[in-house]
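A.B. asks: This is the structure I want to talk about, given as structure tokens.
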Amino acid sequence: MTVSSASGPGPVTITANGHAASPASAQGLPFDAGCSACPRLAGFLAQQRGALPAYYNAPVPAFGAADARLLVVGLAPGLHGANRTGRPFTGDHAGILLYQTLFDQGFASAPVSEHAADTLRLIGARISNAVRCVPPENKPEPAEVRRCNAYLAHDLAAHPADGVVIALGTIAHQAVLDALGLRRSAYSFGHGAHHALPDGRLLIDSYHCSRYNTSTRRLTPEMFAAVFAAARALLDTRRDTGAA
């Protein structure tokens with residue numbers, strides 16, 4: 001396990017238009033289901049509304065209580081997953097491992113997320129994404145990640161000071177740091193790495209639970225389980241000791 005700790009500048013939020021926020025807006029922006037700030041993503045969604053009219057085809061909100069102590073941050077909605085169902089990691093391959101793992105560690109009421117109206121509930125956990133709209137070929141551009149960062153900053157502003165953030169992949173890892181105004185160079189991504197953040201929270205990295213990563217065995221179920229087991233143990237320890 002790798003542990004890093006570094007201080008950085010105060011929080012700097014990137015607003016939806018891509019500009020740095022003023023201190024007054026450092027809490028980020030509340031989720032906007034009608035956001036169309038990224039022309040490429042807005043255009044792609046418009047295409048899908050015509051091609052796949054039964055799909056959700058809109059920015060996907062985070063799932064779970066805003067004050068949950070575990071925040072899981074992914075990349076972006078999948079075309080036939082969250083973009084279809086309206087719930088993060090629901091309806092495609094990546095969600096199979098994620099929800100099973102959350103269930104195994106007591107963070108979900110069921111091991112399968114079927115659709116946004118099912119009875120599954122997260123328990124002390126919230127799932128968000130670095131980008132809220134489905135990108136073509138599942139590849140958001142850097143400017144799109146920056147524009148969407150204010151929404152992630154809003155999620156992080158509600159996240160408790162004794163909480164744990166799990167970043168699924170390098171882009172999610174960098175988006176968390178950007179939303180908190182921290183230097184990327186001070187916190188290197190690595191699967192299983194633990195980073196002590198200046199505000200007392202912990203950031204844990206994991207490879208993304210994508211079909212590619214799991215089929216190539218870059219990420220195994222055991223590796224993924226170990227990340228969430230570590231988060232569970234840390235959260236339990238912090239609750240018992242009152243540490244922050």
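A.B. asks: Once you sort the root eigenvalues of the Cα gyration tensor of segment 100-244 as a ≥ b ≥ c, which label holds: rounded (a/c under 1.5), prolate (a/b larger than b/c) or oblate (the other case)?
C.D. replies: Here segment 100-244 falls in the rounded category.
A.B. asks: Kindly identify the chain as rounded, prolate or oblate by the Cα gyration tensor criterion: order the square roots of the eigenvalues as a ≥ b ≥ c, call it rounded if a/c is under 1.5, otherwise compare a/b with b/c, prolate if a/b is larger, else oblate.
C.D. replies: Cα axes put the chain in the oblate bin.
A.B. asks: Residue 141 to residue 184: FRET efficiency via 1/(1 + (r/R0)^6), r the Cβ-Cβ distance, R0 22 Å, to the nearest 0.05?
C.D. replies: 0.80
A.B. asks: Determine the gain in length on full extension of the stretch residue 226-residue 157; use 0.36 nm per residue of separation and subtract their C-alpha separation, reporting nm with one decimal.
C.D. replies: 22.2 nm
A.B. asks: While we're on this one: Just to be sure I understand the rule: take each whole DSSP H helix in the chain, project its Cα atoms onto its long axis, keep it if the span is 15 Å or more and its mean Kyte-Doolittle hydropathy is at least 0.5. Which ones pass?
C.D. replies: Span-like helices in the chain: 93-104.
A.B. asks: Also: Write down the percent of antiparallel bridges among all DSSP beta bridges whose residues are both part of the chain, to the nearest 5. Walk me through the intermediate numbers first.
C.D. replies: Values: 7 of 24 bridges.
Antiparallel bridges make up about 30 percent of those DSSP assigns within the chain.
A.B. asks: Subtracting the Cα-Cα distance from 0.36 nm times the residue separation, let me have the gained length for residue 40 to residue 211 in nm, one decimal.
C.D. replies: Extra length from residue 40 to residue 211 when fully extended: 59.1 nm.
A.B. asks: Hey, another quick one. At residue 241 and residue 114, where each label point lies 7 Å from the Cα along Cα→Cβ, what is the point-to-point distance in nanometres?
C.D. replies: 4.2 nm
A.B. asks: Measure off 7 Å from each Cα along the Cα-to-Cβ vector at residue 80 and residue 199, then give the distance between these two points in nanometres to one decimal.
C.D. replies: About 3.8 nm separates the two model spin labels.
A.B. asks: At 7 Å along the Cα-to-beta-carbon direction for both residue 121 and residue 47, put a label point, then send me their distance in nm to one decimal.
C.D. replies: 4.1 nm
A.B. asks: Per residue of the chain, what 222 nm ellipticity follows from adding -39500 (n - 2.57) for every DSSP H run with n ≥ 4, rounded to the nearest 500?
C.D. replies: On the way: 7 runs with 82 residues, N = 244.
Using -39500 (n - 2.57) per qualifying helix, the result is -10500 deg cm²/dmol.
A.B. asks: Once you sort the root eigenvalues of the Cα gyration tensor of segment 34-174 as a ≥ b ≥ c, which label holds: rounded (a/c under 1.5), prolate (a/b larger than b/c) or oblate (the other case)?
C.D. replies: Details: a/c = 1.98, a/b = 1.28, b/c = 1.54.
Oblate is the answer for segment 34-174, as a/c is 1.5 or above yet b/c matches or exceeds a/b.
The numbers here are math on the coordinates, done by the rules we state, and not lab data. Here the structure is a predicted model, which is why all the values come from computation and not from measurement. Glycine gets a Cβ as well: all are built from the backbone with ideal geometry, and neighbour counts include every protein chain shown.
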